[in-house]
Amino acid sequence: THVAAIAAGRTVGVARAATIHAVRVLDCTGAGDFADVLAGLQWVADQSESKKVASLSLGGDHNAPVNSLVGKFVTNGLPIVVAAGNNGEDACNYSPASEASVITVGASEDDDDCAIYTNAGTCVDIIAPGTRISSAYIGGTSKYTVLSGTSMACPHVTGVAAQVLSQSAGTLTPAQVWSVINSAAVLNKLSDSTEIGARPGRNSPNKLLQIVSNLNPSPPPSPPSPPSPPPSPFPPPSPPSPPPSPPSPPSDSLRIEIDPDNHPEDTSWLLLMGEDKSWVITESYQLLANDISTKDWTIPVSTGSYRWMILDAFGDGICCSYGIGAYRLYLNNVLIRSGGRFTNNYAEAFTVNMPFPPPTPPPPSPPFAPAPPPPTLKNLAREAASSAKNIWTRLISGDISKMTTVEFVILGAAAMIFIALIVTSCVCTYRCWRLRRAAKAAPHIWHPEYLAEPPERDDDDGEEEIKA
């Protein structure tokens, strides 16, 4: 789910108009056989669509026969994009990443350093973002999560390949698709991984993926038309203008305003229409890193139930961990929601059903009652003493039938503290008695700085007196 949404998801995908076909070749633990991988590629090749691309976020140890069979699919016209692998080694040691005819993809981080885990080397063709990538996830239609790996870098290239195919007037060969992607890539902008333990050369090749611009530029403008002939000296009178048409009902509109935080690229929003479990995305937007000022959108909405969702890929909302961001939601210029504190997402539901003529605005809400003053320490102590007295009185009188669970807990805690104090007191008394008795029985050494003569020892055993 995460990989497919990166390639062609409606909200976070690269090629959002492409159609996704899920082809299962591994089991629930993520393991499988190359025979199943090849069977999946055969299924893709057998489909009738002329513009298609296969995305393989998988791999295993180097296997020359597997590489040869995968290469035959490319020769027969199927572009294949493959993850380089997450071993931090040479990608030539793994299949199908080492097959020369596929597009093998390594992973970079958001600061344009290459990832410590990415396989690299001569068998890698291009590098794409693969670390801390936010995308759709299992668990619900609005579930997102952040994952890392060359499995996340691979579908970025797949999405660009789908864009290239969709923009082409005819069918392109896999080599032509790669040629367009390769020409648009940015060179020598990636740094090697600086993390401890990283093997040097993670940025090989130093080639960063870019979105491909329009392959079919607009035709040049047509030449200007010749000037119209001069008007006749006596133009006929113009017919009378028709009477004005009756006013049309006013349309409803939703206005969205977002003040981004310090990381606007983490923020996106969706507008869904429907009810219960049948929701359809009608509008969406992903903020960019340079969207640092207030963004606003005005969207016409028809009668129905809506849900507007704001999402943050990092999971800290837009206020106030990294900057003071906020959002505001207006329906027909009336503020219906504002805020900025949430975790991964927040949804606001509303309905649109505006009659014509518009209804009169509702009366103003009654003023809120003033908040009570904060309790003082003296009042809190007085209330605690009163509660304790209440519990004690009911306990003495035997009226415990109406005592609440909280009062029983308090009473039990007080009894345990009382018993602990008694036990502690008894133990301390006993230990003091033992220490004093031991001190009397032990010999004492008189230090020279005491000038007085030491007392004589009552020696019943006939031993010599102890002198300083």
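Within the range 45-57, how many residues are of a type in the set (Asp, Glu) and in a loop (DSSP other than H, G, I, E, B)?
Restricting attention to the range 45-57, the residues satisfying the condition of being of a type in the set (Asp, Glu) are 46, 49.
Narrowing the set further to residues that are in a loop (DSSP other than H, G, I, E, B) leaves 49.
Counting residues in the range 45-57 that are of a type in the set (Asp, Glu) and in a loop (DSSP other than H, G, I, E, B) gives 1.
If residue 41 passes every condition in (1) touching a residue at least 12 places away in the same chain (Cβ under 8 Å); (2) surrounded by fewer than 18 Cβ atoms within 10 Å (Cβ to Cβ) but one, which one does it miss?
Going through (1) touching a residue at least 12 places away in the same chain (Cβ under 8 Å); (2) surrounded by fewer than 18 Cβ atoms within 10 Å (Cβ to Cβ) one by one, residue 41 breaks only (2).
A quick yes/no check of all residues on (1) modelled with pLDDT of 95 or more; (2) open to solvent by less than 10 Å² (accessible area, probe 1.4 Å); (3) not aromatic (Phe, Trp, Tyr):
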site: 26; (1), (2), (3): no, no, yes
site: 30; (1), (2), (3): no, no, yes
site: 34; (1), (2), (3): no, no, no
site: 84; (1), (2), (3): yes, yes, yes
site: 98; (1), (2), (3): yes, no, yes
site: 104; (1), (2), (3): yes, yes, yes
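Would you mind telling me which numbered condition in (1) assigned to a loop (DSSP other than H, G, I, E, B); (2) open to solvent by 60 Å² or more (accessible area, probe 1.4 Å); (3) among the hydrophobic types (A, V, I, L, M, F, W, C) residue 342 fails?
Among (1) assigned to a loop (DSSP other than H, G, I, E, B); (2) open to solvent by 60 Å² or more (accessible area, probe 1.4 Å); (3) among the hydrophobic types (A, V, I, L, M, F, W, C), the lone unmet condition for residue 342 is (2).
If I go through the range 425-441 residue by residue, how many of them are within 30 Å of residue 393 (Cα to Cα) and modelled with pLDDT under 85? Give the derivation first.
Kept after step one, since they are within 30 Å of residue 393 (Cα to Cα), are these residues of the range 425-441: 425-426.
Now drop any that are not modelled with pLDDT under 85, which leaves none.
Residues meeting the conditions: 0.
Which of the residues spanning the range 267-287 are touching a Pro at 6+ places or on another chain (Cβ under 9 Å) and of a type outside the set (A, V, I, L, M)? Working first, answer last.
So in the range 267-287, the residues touching a Pro at 6+ places or on another chain (Cβ under 9 Å) come out as 267, 287.
Across the range 267-287, the qualifying residue is only 267.
Which residues, counting only those in the range 267-297, are among the polar types (S, T, N, Q), closer than 20 Å to residue 342 by Cα and open to solvent by less than 70 Å² (accessible area, probe 1.4 Å)?
Within the range 267-297, 267, 268, 284, 286 meet the criteria.
Which of the residues spanning the range 1-29 are within 23 Å of the chain's Cα centre (by Cα) and within 20 Å of residue 84 (Cβ to Cβ)?
2, 3, 4, 6, 7, 14
Just to check your reading of the model, which residue among 250, 300 is open to solvent by 70 Å² or more (accessible area, probe 1.4 Å) and either in contact with a strand residue (DSSP E or B) (Cβ under 7 Å, 6 or more places away or on another chain) or modelled with pLDDT under 90 (or both)?
That would be 300, the only listed residue that is open to solvent by 70 Å² or more (accessible area, probe 1.4 Å) and either in contact with a strand residue (DSSP E or B) (Cβ under 7 Å, 6 or more places away or on another chain) or modelled with pLDDT under 90 (or both).
Residues in the range 312-339 that are surrounded by fewer than 17 Cβ atoms within 10 Å (Cβ to Cβ) and either in contact with a helix residue (DSSP H, G or I) (Cβ under 8 Å, 6 or more places away or on another chain) or outside any loop (DSSP other than H, G, I, E, B) (or both): how many?
At the first step, the residues of the range 312-339 found to be surrounded by fewer than 17 Cβ atoms within 10 Å (Cβ to Cβ) are 315, 320-324, 332-339.
Filter again for either in contact with a helix residue (DSSP H, G or I) (Cβ under 8 Å, 6 or more places away or on another chain) or outside any loop (DSSP other than H, G, I, E, B) (or both), leaving 320, 323-324, 334-339.
Summing the residues that are surrounded by fewer than 17 Cβ atoms within 10 Å (Cβ to Cβ) and either in contact with a helix residue (DSSP H, G or I) (Cβ under 8 Å, 6 or more places away or on another chain) or outside any loop (DSSP other than H, G, I, E, B) (or both) in the range 312-339 gives 9.
When you check residue 123 against the structure, is it touching a helix residue (DSSP H, G or I) at 6+ places or on another chain (Cβ under 9 Å), touching a residue at least 40 places away in the same chain (Cβ under 8 Å) and not β-branched (Val, Ile, Thr), yes or no?
Numbers: touching a helix residue (DSSP H, G or I) at 6+ places or on another chain (Cβ under 9 Å): yes; touching a residue at least 40 places away in the same chain (Cβ under 8 Å): no; not β-branched (Val, Ile, Thr): yes.
So residue 123 does not fit the description; no.
I need a count of the residues in the range 1-20 that are surrounded by 12 or more Cβ atoms within 10 Å (Cβ to Cβ), touching a residue at least 12 places away in the same chain (Cβ under 8 Å) and in a loop (DSSP other than H, G, I, E, B). Spell out the reasoning first.
From the range 1-20, those surrounded by 12 or more Cβ atoms within 10 Å (Cβ to Cβ) are 1-16, 18, 20; that's our starting set.
From what's left, touching a residue at least 12 places away in the same chain (Cβ under 8 Å): 1-15, 18, 20.
Still in the list and also in a loop (DSSP other than H, G, I, E, B): 1, 9-15, 18, 20.
Residues in the range 1-20 being surrounded by 12 or more Cβ atoms within 10 Å (Cβ to Cβ), touching a residue at least 12 places away in the same chain (Cβ under 8 Å) and in a loop (DSSP other than H, G, I, E, B): 10 in total.
If I go through the range 400-424 residue by residue, how many of them are hydrophobic (A, V, I, L, M, F, W, C), under 49 Å from the mean Cα position of the chain (by Cα) and at pLDDT below 80? Give the derivation first.
Residues of the range 400-424 that are hydrophobic (A, V, I, L, M, F, W, C), as a first pass: 400, 403, 406, 408-411, 413-423.
Narrowing the set further to residues that are under 49 Å from the mean Cα position of the chain (by Cα) leaves 403, 406, 408-411, 413-414, 416-417.
If we keep only those that are at pLDDT below 80 too, we end up with 403, 406, 408-411, 414.
The number of residues fulfilling the criteria is 7.
Could you please find all residues in the range 28-44 being part of a helix (DSSP H, G or I) and among the β-branched types (Val, Ile, Thr)?
First, pick out the residues of the range 28-44 that are part of a helix (DSSP H, G or I): 34-44.
If the condition is that a residue be part of a helix (DSSP H, G or I) and among the β-branched types (Val, Ile, Thr), then 37, 44 are the ones that fit.
Can you find a residue in the range 126-142 that is open to solvent by 60 Å² or more (accessible area, probe 1.4 Å), more than 24 Å from residue 268 (Cα to Cα) and not in a helix (DSSP H, G or I)?
Residues of the range 126-142 that are open to solvent by 60 Å² or more (accessible area, probe 1.4 Å), as a first pass: 132, 137-139, 141.
From what's left, more than 24 Å from residue 268 (Cα to Cα): none.
There is no residue in the range 126-142 that is open to solvent by 60 Å² or more (accessible area, probe 1.4 Å), more than 24 Å from residue 268 (Cα to Cα) and not in a helix (DSSP H, G or I).
Looking only at the range 55-70, which residues are hydrophobic (A, V, I, L, M, F, W, C) and in contact (Cβ under 8 Å) with a residue 40 or more places away in the chain? Talk me through it step by step, then tell me what you get.
Let us first name the residues in the range 55-70 that are hydrophobic (A, V, I, L, M, F, W, C), namely 56, 58, 64, 66, 69-70.
Passing the criteria: 56, 58.
Look at residue 94 and say whether it is of a type in the set (Phe, Trp, Tyr) and open to solvent by 40 Å² or more (accessible area, probe 1.4 Å).
Values: of a type in the set (Phe, Trp, Tyr): yes; open to solvent by 40 Å² or more (accessible area, probe 1.4 Å): no.
No: the conditions fail for residue 94.
The values are calculated or read from the model by the stated rules, or taken from the named source; none is laboratory data. Keep in mind that what you see is a predicted model, and the values were worked out from it rather than measured. Every residue, glycine as well, gets a Cβ built from its backbone with ideal geometry; the counts of neighbours run over all protein chains shown. Keep in mind that these areas ignore ligands, DNA and RNA; they rest on the heavy atoms of the full protein, side chains included. Shrake-Rupley method; radii C 1.70, N 1.55, O 1.52, S 1.80 Å.
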